[in-house]
Each structure stands twice: as structure tokens, then as C-alpha cells.
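Inspection log for the structure reproduced underneath, given as C-alpha cells.
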Amino acid sequence: MEMQRPNAKPLSPQDLERLKTLKSAVEKALEDGKFSMAEVENIKSIIWSDGKVSYEELRTVHETIESVMGDVPPEIDWVRNAG
């Protein structure tokens with residue numbers, strides 16, 4: 001189902017660049033099929049870099065995971081590596 005967002009503001013060049021950076025970070029993180037805590041923190045820092053979470057950022061993460069992993073959800077390595 002396609003979502004209509006008639007009140008959505010056009011994305012700025014900075015927003016588009018951040019989405020590109022976010023997509024790249026998610027793709028790189030999923031090269032091994034799972035997220036490490038460091039990768040999760042990096043993705044979160046990109047999302048929160050402007051002080052808010054946007055629909056477009058969440059959609060970018062979701063669609064990138066889906067395009068890389070298909071229907072298989074990625075694993076999350078919850079162990080923080082000391083060192």
C-alpha cells in the first residue's frame with residue numbers, strides 16, 4: 001500500500017545527502033547479514049544528526065534492509081565489544 005503524504009515538505013539537498021549517507025551505512029552494516037551494536041549506534045547517529053527522526057529516514061532504513069536481506073530479518077549482535 002502506497003502512503004500519501006500531501007502535507008510533506010520537499011526534501012532539502014542536505015536531507016537528500018543524509019538519506020544517501022544513511023542508506024550507505026545500512027548497506028555496509030548488512031554486508032555480513034547482521035547489525036553490530038557499533039553499526040546500530042552509527043545508524044542512529046546519522047538519523048539523529050539533525051535532532052529529529054523523519055519518516056523518510058525510517059523508510060530509507062526499512063527499504064534498505066528489505067532490499068539487502070529480502071524477507072529475512074537481520075540479526076543483531078547485542079554484545080558490546082570491549083576494547
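The values are calculated or read from the model by the stated rules, or taken from the named source; none is laboratory data. Because the structure is predicted, anything quoted here is derived from the model rather than measured. We place every Cβ from the backbone using ideal geometry, glycine too, and count neighbours over all the protein chains shown. Surface areas here come from the heavy atoms of the whole protein model, side chains and all, with no ligands, DNA or RNA. Shrake-Rupley method; radii C 1.70, N 1.55, O 1.52, S 1.80 Å.
A few notes on this one:
- Qualifying positions in region 32-49 - under 14 Å from the mean Cα position of the chain (by Cα) and open to solvent by 90 Å² or more (accessible area, probe 1.4 Å): Lys44, Trp48
- Filter result for the condition that a residue is surrounded by fewer than 13 Cβ atoms within 10 Å (Cβ to Cβ) and in contact with a Phe, Trp or Tyr (Cβ under 9 Å, 6 or more places away or on another chain), over Ala8, Ala29: Ala8
- Residues of region 50-59 that are open to solvent by 70 Å² or more (accessible area, probe 1.4 Å), at pLDDT 95 or above and of a type outside the set (Lys, Arg): Leu58 alone.
- If the condition is being open to solvent by less than 70 Å² (accessible area, probe 1.4 Å) and in contact with a Lys or Arg (Cβ under 9 Å, 6 or more places away or on another chain), then region 60-71 contributes Thr60, Val61, Thr64.
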